[in-house]
Amino acid sequence: MSERYRFVADAMLGDVAKWLRILGASTFYEPYAGDEELIEVAKRSGAVLLTRDRGLCSRAAAEGVEVMYVGGMRLEEALAALSERYGVRLEIDLSDTRCPLCNGRLRRAERGEVEGRVPPGVLERYGLFLVCESCGHVYWPGTHLRRMRSFLRRVRALAARGSR
Ligand SMILES: [Zn+2]
């Protein structure tokens, strides 16, 4: 499997990785991957390595990997900085989003396909479902999506302040 990643996140950055995937950016995140592997994957993909580890930061840089040190940044700050530096889109686009669990692509699915895989109430209430092409997890645009969008509004405000 040779997925081309845009970002590689270290073990401490599970929240950042999850968000990058939701925002459509292909992101490698394996909590048990060692430094060696992270650097290798970043090299192979030409990806940006994100880390909170200064040692890994300088090792990767020495090997010619583009690194961004996100130590001391809150999640919002890290995402705002990623948008400024690498043009990460701070909006959820349901036609271009990835599985937060496994980085697989999500595709639209009809009610009939997800029947039995989501609670009956959900099946009735929603017409749009997204299914992960890799792990099969089913998503639907519920209250969670509204919360995520309002979180992103805060991140955009932060990004706007930062670039002034
Ligand atoms: Zn998945």
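No lab work stands behind these numbers, since they all come straight from the coordinates. Quick caveat, the model's predicted, so the values are computed rather than measured. Please note: Cβ atoms are built from the backbone with ideal geometry, for glycine as well, and neighbour counts cover all protein chains shown.
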Would you please name the residue that is nearest to the ligand (Cβ to nearest atom), looking only at residues in region 117-137 that are crowded, with 17+ Cβ neighbours inside 10 Å and within 16 Å of Arg21 (Cβ to Cβ)?
Cys132
Residue pairs qualifying under the 7 Å Cβ cut-off, at least six apart or on distinct chains, with the first in region 111-135 being under 17 Å from Leu145 (Cβ atoms) and without any contact (Cβ under 8 Å) to a residue 24 or more places away in the chain and the second being among the small types (Gly, Ala, Ser) and within 14 Å of the ligand (Cβ to nearest atom), are Phe129/Ala109
Look through region 138-164, keep the residues that are of a type in the set (Phe, Trp, Tyr) and within 16 Å of the ligand (Cβ to nearest atom), and return whichever of them is nearest to Cys102 (Cα to Cα).
Tyr139
Matching residues, region 1-32, being of a type outside the set (S, T, N, Q), surrounded by fewer than 17 Cβ atoms within 10 Å (Cβ to Cβ) and more than 20 Å from Arg85 (Cβ to Cβ):
Met1, Glu3, Gly14, Glu30, Pro31, Tyr32
Taking Leu75 and the conditions (1) under 28 Å from Ala157 (Cα atoms); (2) within 16 Å of the ligand (Cβ to nearest atom), which numbered condition does it fall short on, given that it satisfies the others?
(2)
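Can you find, within region 101-116, the residue that is surrounded by the most Cβ atoms within 10 Å (Cβ to Cβ) among those that are among the basic types (Lys, Arg) and within 16 Å of the ligand (Cβ to nearest atom)?
Going residue by residue through region 101-116, those that are among the basic types (Lys, Arg) are 105, 107-108, 111.
With within 16 Å of the ligand (Cβ to nearest atom) added as a condition, the list becomes 105, 107-108.
Working: Arg105: 15, Arg107: 11, Arg108: 11.
Among them, the one singled out is Arg105.
For region 56-89, how many residues meet the condition of being in a helix (DSSP H, G or I) and in contact (Cβ under 8 Å) with a residue 12 or more places away in the chain?
Narrowing region 56-89 to residues in a helix (DSSP H, G or I): 56-62, 75-86.
Now narrow it down to the ones that are in contact (Cβ under 8 Å) with a residue 12 or more places away in the chain: 56-57, 59-60, 75-86.
Counting residues in region 56-89 that are in a helix (DSSP H, G or I) and in contact (Cβ under 8 Å) with a residue 12 or more places away in the chain gives 16.
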Only residues in region 90-107 that are of a type in the set (Val, Ile, Thr) count as the first member; pair them with residues that are outside any loop (DSSP other than H, G, I, E, B) and within 16 Å of the ligand (Cβ to nearest atom), Cβ under 8 angstrom, at least 6 apart or cross-chain, and list the lot.
Ile92/Ile22; Thr97/Arg21; Thr97/Ile22; Thr97/Leu106; Thr97/Leu130
